[in-house]
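For reference, the structure is listed below as structure tokens.
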Amino acid sequence: VFGMAQYIEGDDRNQPMLLPAAIEDYVSEASPVRAIDAFVDQLDLADLGFKVREESSVGRSSHHPGTLLKLYLWGDLKRTHSSRGLEAACTENLQAIWLTRNLRPDHSTIAEFRKDRAVPLKAILREFNLICFELRLFGKELVAIDGTFIKAVNSTTRSFTKTKLKKLIKGIDEAIERYTAALAEADDANAPVRSTPCDTKELRRKLDKIRERKGVLEGHQACCEESPTGQVDLTDPDCRQLRKGGKTTIGY
């Protein structure tokens, strides 16, 4: 249409084309969708609570529950959860077309199937995912949901962030300066006598304690720098400082 030779040109939309001769050719032999097909085919659907019609039954033909189950599992794999999305996939996606053997159930049929069989669907989906993980057919993903906070055993005094440690170390440096000045004053022979030898000994003990505490906090600070979350929790390393609605919670 654009008529410019330097561009890759698409096919003429009016040019007749031959699609694969068989639906079987729509997906490769290594396609994961074949695992869904094989998994559902080996299930005893009647035993699992699905209504399977007898060959002698009369009335209007309906979709086999196995076909709709395959479509449901495929939708979960592809994150297509709406009934209208699955309906569209049966006409647009080659994997869905192969899986349903070119059937096109409408969204109402798909929605009713999922609604009426919620309990067995959950059990089947759990079993299918466990098999896929065991056979390494699919990968795992970490999903984080921001909502409920669960309080951990870890107290706030044993939970540290970079900001918190910076403030604590700054306060300790100021305390060290005060104690050092007081100690120097106590040791100064020319200064007025304001403390006893016992006071000097106590000041030295406090100064050593503060320096020791500073060393511990600096160790936590180094761990924060290496931590991907920028936090260190001593009692439960997996918990985090979480904020919601202006409140802080140590938990999950």
If we keep only residues of the range 77-127 that are closer than 20 Å to Ser31 by Cα, of a type in the set (Lys, Arg) and free of Cβ contacts under 8 Å to residues at least 40 places away in the same chain, then the residue surrounded by the fewest Cβ atoms within 10 Å (Cβ to Cβ) is Arg79
Please count how many residues of the range 48-82 are in a loop (DSSP other than H, G, I, E, B) and either modelled with pLDDT of 85 or more or under 18 Å from Asn102 (Cα atoms) (or both). 7
Being of a type in the set (Val, Ile, Thr) and at pLDDT below 65 is the filter here, so list the residues in the range 121-154 that pass it. Val143, Ile145
The range 108-120: number of residues that are hydrophobic (A, V, I, L, M, F, W, C) and at pLDDT 85 or above: 3
In the range 33-53, anything aliphatic (A, V, I, L, M) and either open to solvent by less than 20 Å² (accessible area, probe 1.4 Å) or over 25 Å from Lys78 (Cα atoms) (or both) is listed as Val33, Ile36, Val40, Leu45, Ala46, Val52
So Gln241 passes all but one of these: (1) surrounded by 13 or more Cβ atoms within 10 Å (Cβ to Cβ); (2) within 30 Å of Thr180 (Cβ to Cβ); (3) not charged (D, E, K, R). Which condition number does it fail? (2)
Does Ile172 meet the test of being more than 23 Å from Val153 (Cα to Cα), at pLDDT 80 or above, surrounded by 11 or more Cβ atoms within 10 Å (Cβ to Cβ) and of a type outside the set (Gly, Ala, Ser)? yes
Six or more apart or on different chains, Cβ atoms under 9 Å: show the pairs whose first residue is in the range 205-231 and without any contact (Cβ under 8 Å) to a residue 40 or more places away in the chain and whose second is among the charged types (D, E, K, R). Thr229/Arg240
Looking at Phe2 and the list (1) modelled with pLDDT under 80; (2) open to solvent by less than 90 Å² (accessible area, probe 1.4 Å), which single condition is not satisfied? (2)
For the range 45-60, pairs from a residue that is closer than 10 Å to Pro120 by Cβ to a residue that is at pLDDT 80 or above and open to solvent by 70 Å² or more (accessible area, probe 1.4 Å), with Cβ under 7 Å and 6 or more apart or across chains, are none
May I ask you to verify whether Asp199 is at pLDDT below 75 and open to solvent by less than 100 Å² (accessible area, probe 1.4 Å)? yes
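The values are calculated or read from the model by the stated rules, or taken from the named source; none is laboratory data. The structure displayed is predicted, hence computed values, not measured ones. Glycine also receives a Cβ, built like all others from the backbone with ideal geometry; neighbour counts cover every protein chain displayed. The accessibility values were calculated without ligands, DNA or RNA, using every heavy atom of the protein model including side chains. Shrake-Rupley method; radii C 1.70, N 1.55, O 1.52, S 1.80 Å.
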